1. Which links in Lys245/Lys594; Lys282/Lys302; Lys184/Lys526 stretch past 29 Å when you go from one Cα to the other?
2. With a 1.4 Å probe and all protein chains in place, put Trp454, Trp345, Trp648 in order of accessible area, largest first.
3. Please compare each pair in Lys96/Lys430; Lys430/Lys703; Lys45/Lys703 to a cut-off of 29 Å on the Cα-Cα distance and tell me which ones are over it.
4. I'd like to check one number: the per residue accessible area of region 610-661, probe 1.4 Å, reported in Å² as a whole number.
5. To the nearest 10 Å², what's Trp507's accessible area with a 1.4 Å probe?
6. Return the carbon/sulfur percentage of the accessible area of region 277-377, one whole number, probe 1.4 Å, all protein chains in place.
7. How would Asp684, Asp670 rank on accessible area, largest to smallest, probe 1.4 Å?
8. With a 1.4 Å probe and all protein chains in place, put Met657, Met678 in order of accessible area, largest first.
Amino acid sequence: MIVSALLTSVGINLGLCILFYALYSILRKQPWNVHVYVPRLVAEKKVKEGGHFQLEGLLPSAGWIKKAWEPSEEELLAVAGFDSMVFMRIFIFSLKIFSVATVIGIFILLPINYFGQQLSDIDYSDIPSQSLDLFTISNVKNGSKWLWVHFAAVYIISGAACYLLYNEHNHITSKRLEYFYSTKSEPREFTIVVRGIPVAQGSSLDDTVEKFYKEYYPSTYLSHEMVHRTSRLQSLINDAENLYKKIVHLKSKATTEGNSEHGGGCFGLRRRTDLVNEHIKKLETLEENARLEQSDILIRGKEIPAAFVSFRSCYDAAAANQIQQRPNPTEWTTEQAPEPRDVYWPFLLTTFLQRWTFKLVDLIAYIALTVLFIVPVVFVQGLANLEELELFFPLLTGLLSITVVSQVITGYLPSLILQMFLSIVPPIIKLFSSLRGYISHSQIERSACRKILWFTVWNIFFVNVLSGSVASQLNVFTDPSHIPMRLAVAVPAQASFFISYVATSGWTSLLLELIRIIPLLRDIIKRHCSKTADHDFSVPSLSYHGTVPKILFFALLGITYSFLAPLILPFLLFYFSLGYVTYRNQLLNVYMPKFETCGKFWPIVHNGLVFSLILMQAIAIGIFALKKLALASSLTIPLPVLTLIFSWYCRKRFLSMLNTYSAESLIKKDREVQNDPMLNEFLDKLTTAYRHPALSPVQYSAKLEDESRTPLLT
């Protein structure tokens, strides 16, 4: 029944894939859906909004797949940025390694597993009703010489993975250096963030910073921008923005009613006009209060002990960032400045002690969430086991005896429910990470990405394995000597669940990513139920913290099960093929980056892949020992050691280059910049590049005058 349930799950998802890909090819051609499916192209004025209905738009086509496939990596880099290019390298690496693993697993290991005859005799006439364990290494007889083929497969897959990972490191670091030289100078390359500025008696913080850097960096210091307390000002600006949107809505509605035959009459239109004029007066008052508050902040100097300090060259900024400024390490602490658009302002005013406290709170909250999430995982595992489900819910016995119902419940429903629970995790963990005191959105997303990855590995992999085989057999605790044997059997025993999880969670997530159901429904409601203009239109950005861990987890499943249950590999290869095309399309047409880290997400990818390799090798050591092949188990022990050495080498050779640039690279670019005729203009703009957005001029009233100069009543 396990194979039959698995086939049901795969069949459902394959049908959904075909249906949704056809539906997407239709929806994206409708001119009124441009805000949903090509918002990036709309923002770049490459696609016109609106349009007339076209009958040929209802015919599905695969032209978008060709357009997503054709652009080269250089074109993707120019359009979507370096982080997007690095993101796509995860799919390229996965396609390469799982192509190798699929050839070995399906054509060599799978027949050996199936004819192993360790578990039971084979009934060739009724394969769908058999257990999936017959296709795993569990079915190979203990002490069989065929296990040496699995031993060789572990070494080949590990070697291929390390070789391909080394090539990816080499490719990314070389591309990063090319990208650094080819792009124009950016404010973050010349700027550092200084926190923990001591307060000097009789001197303002602004004067203290200027005096310090003019004294110790007299020839390299350029300027600085203090960080101010802007909470009251930000509140005024938010109120002004909300009132501006309300006015736009009222004016749009009044215009629509004025042009309609049954618009409610002249009296109703005049009342709306009076209301608009009243709101405009309030808006002008709010703007005046905001300007007064801005002047008060700049004149009185409502400063906090943090500043953005800019230097005359990239090298000077990097040197100042690397050197401890004072003997007291809690004073004048420095770090490289993020992009101006990437700055997360709330935590610039936190002290050293506050940041340490917030990190502790984040850790405790993360552990609590990880522990609490075990409950839905165990519930899902109960759904996958019909015997346990009938034991707890005896009223369902008759319903579960129906073949189709039991196949859907055991093969499709558990993965779907688990995916629903898992969808709420990324925003919660991102909220935890935002409390750690990071000063940039990219740092928050990288922190959340790391935590979500290990959260997923623990709760979806380890808890599923343990609850599905060990926790359900309580007698294992009465005899500790059986624990290694049960754990060795547990991982391949969960192959059916994880294959179904790949088809349900993996394929479905790609469909949802492509079809963008929530933005589509939001756009339909806005278009038909609201007459507001498109002032709220914004181009979304790819959420790396939620997407990267999911992809790495599927890579972990593929690497771990590559020699245990190779039947999972074609499903993963299909997932990464779909993902490659899908995310290329999204990066080119939908998403626009909200920050650029120049590849700083790649170390997370490296750690996840190395962990997957070591996990596979550790399981191989246990499997060969329990299969009475002690020599193979002993010969596998050096493999994790070699993998760790390889990881250490890559960290020293490549990953350190993703955190900073060498002195040679910085000086080389500085020399090129010195010959740029626009250098002086760039340095002038640098002095205000990191000014708080709330201190910018407030011009909502001017926008209203520009948008419409015609009266509401005609």
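The values are calculated or read from the model by the stated rules, or taken from the named source; none is laboratory data. In this text the structure is predicted, and so the values were computed from the model without any measurement. So basically every Cβ, Gly included, is an ideal-geometry build from the backbone, and we count neighbours across all protein chains shown. Accessible surface is based on the protein model in full, side chains and every heavy atom, while ligands, DNA and RNA are left aside. Shrake-Rupley method; radii C 1.70, N 1.55, O 1.52, S 1.80 Å.
1. From the list (Lys245/Lys594; Lys282/Lys302; Lys184/Lys526), the Cα-Cα distance tops 29 Å for Lys184/Lys526.
2. Working: Trp454 95, Trp345 45, Trp648 150 Å².
The residues order as Trp648, Trp454, Trp345, largest area first.
3. In this structure, Lys96/Lys430; Lys430/Lys703 exceed 29 Å between Cα atoms.
4. Numbers: 2470 Å² over 52 residues.
Accessible area per residue: 47 Å².
5. Accessible area of Trp507: about 10 Å².
6. Working: 3440 of 5460 Å².
Carbon plus sulfur share of accessible area: 63 percent.
7. On the way: Asp684 105, Asp670 15 Å².
Largest accessible area first, the list is Asp684, Asp670.
8. Values: Met657 70, Met678 100 Å².
So the residues, ranked largest to smallest area, are Met678, Met657.
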